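> Let me give you the structure first, and then I'll get to my questions.
Laboratory data are not the source of any read-out in this text; all were calculated from the coordinates shown. Since this is a predicted model, take the numbers as computed values, not measurements. Here the Cβ is made from the backbone with ideal geometry for all residues, glycine too, and neighbour counts use every protein chain on show.
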Amino acid sequence: MPGVNPPGCGKYKNMYERSLPQRFARSVHPVGPRARVWLPAVEHRVGPSVLYRRIGQFVVDVIASALLPGAAMFLFVLLPTHPDGSIRSGPLTATITVGVLVVAVAILFWYWVLRPAEHDGRTWGMQLFGIRVVDVSGGRAGRRQLAIRWVLLCVDAFAFGAIGLVAVLTSERGRRIGDRVAGTLVIRGRGPGLR
């Protein structure tokens, strides 16, 4: 309606925010095309509950993401072999090998990037342990951010995840290296605004 300021705009903005419960005060500002979500107090160091959940999630996701691409290895049965069982070299062998690698990478990309982007920033392990990835400002994590986290997982997972664990423990918001570069956080549970 012309001449009427909606709540959250102009001189009524601060009054409107003060009338909301404190935990929802951050949700009144949209972040571009992404929906703003409830972001609990994450400015302090990561709590033991979230830390233990992240460790459990890491174990589940590493196992799941190792087994899924393993299915692509069955394509190697198509490799041409000599009568003694040794693999013949040639264009067909090279093509099948490249095909297996492409399928494996595509499965990993789906698991770590595409699926979480469509499921509130959660892998299967995160769903199991009740945590999810969000943008550092409180919005949904985008595919680009999830892709950066996935690429840097090879750094965080080094030495059985010791690098990532140290990064989480030394970060005020419990962020591993992938989170710091991607601009994301891992938080517990779900909040208003997410379906």
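> Any idea how far apart A64 and Y52 come out in nm if each label point goes 7 Å out from Cα toward Cβ?
2.1 nm
> Still on this structure: Can you find, among G142, L101, A71, the residue farthest towards the positive end of the dipole of the stretch 46-146? Put +1 on the C-beta of Lys and Arg, -1 on that of Asp and Glu.
G142
> Considering the convex hull of the alpha carbon atoms of the stretch 47-188, report its projected area averaged over all viewing directions, in nm², one decimal.
Here the figure is 9.8 nm², rounded to one decimal.
> Using the Karplus equation 6.51 cos²θ - 1.76 cosθ + 1.60 (θ = phi - 60°), what ³J(HN,Hα) coupling, rounded to whole Hz, does each residue of the stretch 144-151 give in order, writing x for Gly and Pro?
Those phi angles translate into 4, 5, 5, 5, 5, 4, 5, 4 Hz.
> If you don't mind, there's one more thing I want to ask. Taking the Cα centre as origin and putting +1 on Lys and Arg beta-carbons and -1 on Asp and Glu beta-carbons, what dipole magnitude results for the stretch 47-188, to the nearest 20 debye?
440 debye
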